[in-house]
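Undergrad: After the structure tokens below, expect a handful of questions from me.
The values are calculated or read from the model by the stated rules, or taken from the named source; none is laboratory data. In this text, all values refer to a predicted model and were calculated from it rather than measured experimentally. Glycine also receives a Cβ, built like all others from the backbone with ideal geometry; neighbour counts cover every protein chain displayed. Calculation scope for accessible area: heavy atoms of the full protein, side chains included, ligands and nucleic acids excluded. Shrake-Rupley method; radii C 1.70, N 1.55, O 1.52, S 1.80 Å.
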Amino acid sequence: MTFTRQIITIGMVILGTVLTRFLPFLIFPAGKPTPAYIQYLGKVLPAAVFGMLVVYCLKNVSVFTGSHAIPELLALAVVVLLHRWKRQMLLSIAGGTVCYMLLVQFIF
């Protein structure tokens with residue numbers, strides 16, 4: 001990649017970051033009510049993203065080879081338990097990830 005392309009790439013990343021940070025505030029100003037569709041998306045999308053993350057993480061797991069999916073299932077159980085207990089998506093994801101990494105590094 002030439003120096004000019006590097007500068008253009010950095011500029012496009014900066015522009016994309018600035019647009020995604022400030023555009024919602026321009027489209028939905030503080031004094032105006034948020035449209036019902038956007039409120040609906042705010043309620044539905046976190047669960048959809050969580051579901052997609054689970055499917056993505058388990059798509060190549062095989063119970064017939066390797067560790068027989070034991071670390072994955074244990075980490076999944078930790079995610080479910082943490083989420084039912086605290087209802088915090090980031091805590092659930094982080095807890096499951098840490099659990100999985102510890103299992104894979106030290107036990108399996």
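Undergrad: Given the options Ile27, Ile38, Ile93, Ile107, name the one that is of a type outside the set (Lys, Arg), out of contact with any His (no Cβ under 7 Å at 6 or more places or on another chain) and touching a residue at least 40 places away in the same chain (Cβ under 8 Å).
TA: Ile93
Undergrad: Looking only at the stretch 1-21, decide whether some residue is among the hydrophobic types (A, V, I, L, M, F, W, C) and touching a helix residue (DSSP H, G or I) at 6+ places or on another chain (Cβ under 9 Å).
TA: yes
Undergrad: Please verify whether Leu19 is surrounded by 10 or more Cβ atoms within 10 Å (Cβ to Cβ), farther than 26 Å from Gln88 by Cα and not small (Gly, Ala, Ser), treating the condition exactly as stated.
TA: Considered against the rule, which asks whether it is surrounded by 10 or more Cβ atoms within 10 Å (Cβ to Cβ), farther than 26 Å from Gln88 by Cα and not small (Gly, Ala, Ser), Leu19 comes out as yes.
Undergrad: Here's a follow-up. Please report, ordered by residue number, the helices (runs of 4 or more DSSP H) entirely within the stretch 35-108 with at least 1 residues that are open to solvent by 80 Å² or more (accessible area, probe 1.4 Å) and touching a helix residue (DSSP H, G or I) at 6+ places or on another chain (Cβ under 7 Å).
TA: Passing ranges, in order: 70-86.
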